[in-house]
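Colleague: Structure in structure tokens, see below.
The values are calculated or read from the model by the stated rules, or taken from the named source; none is laboratory data. A quick note: this is a predicted structure, and the numbers were derived from the prediction, not measured. Here the Cβ is made from the backbone with ideal geometry for all residues, glycine too, and neighbour counts use every protein chain on show.
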């Protein structure tokens, strides 16, 4: 730990501690990340349970869901795709959202 303090002093770096987001704040953060007014309950519950409210994990999980085409936009709302929706569209991803 002493080396860490020396590093901070030499490089005039600051330490930024990010706390976890509660479910309500996380839902607002998700809406901002996805540029929508609201986020579906299934999506926010999945993100919350998989990330524990860690902002960096949230961003990475959202990026992965986008990359894998697992989000559905409906007007100004976004939700997770249902497994049957992915299969019908030929996106037969055998991996579930919990594995992403």
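Colleague: Can you confirm whether residue 10 is without any contact (Cβ under 8 Å) to a residue 60 or more places away in the chain, farther than 22 Å from residue 72 by Cα, out of contact with any strand residue (DSSP E or B) (no Cβ under 9 Å at 6 or more places or on another chain) and assigned to a helix (DSSP H, G or I)?
Modeller: Taking the combined requirement at face value, the residue satisfies it.
Colleague: May I ask you to say which residue of 16, 8, 56 is at pLDDT below 95 and within 12 Å of the chain's Cα centre (by Cα)?
Modeller: After applying the criteria, what remains is 56.
Colleague: Then there's this: Considering only residues that are touching a helix residue (DSSP H, G or I) at 6+ places or on another chain (Cβ under 9 Å) and part of a loop (DSSP other than H, G, I, E, B), look in segment 23-39 and name the one that is surrounded by the most Cβ atoms within 10 Å (Cβ to Cβ).
Modeller: Here the residue is 36.
Colleague: With respect to residue 42, is the statement that it is touching a strand residue (DSSP E or B) at 6+ places or on another chain (Cβ under 6 Å) and either surrounded by fewer than 14 Cβ atoms within 10 Å (Cβ to Cβ) or modelled with pLDDT under 90 (or both) true?
Modeller: Yes; evaluated as a whole, the condition is true for this residue.
Colleague: Please indicate, with yes or no, whether at least one residue in segment 71-80 is part of a helix (DSSP H, G or I) and either at pLDDT below 95 or in contact with a strand residue (DSSP E or B) (Cβ under 6 Å, 6 or more places away or on another chain) (or both).
Modeller: no
Colleague: What do you reckon, is residue 19 outside any helix (DSSP H, G or I) and at positive phi?
Modeller: No: the conditions fail for residue 19.
Colleague: Something else: Run residue 91 past the list (1) part of a strand (DSSP E or B); (2) at pLDDT below 95 and report the number of the one that doesn't hold.
Modeller: (1)
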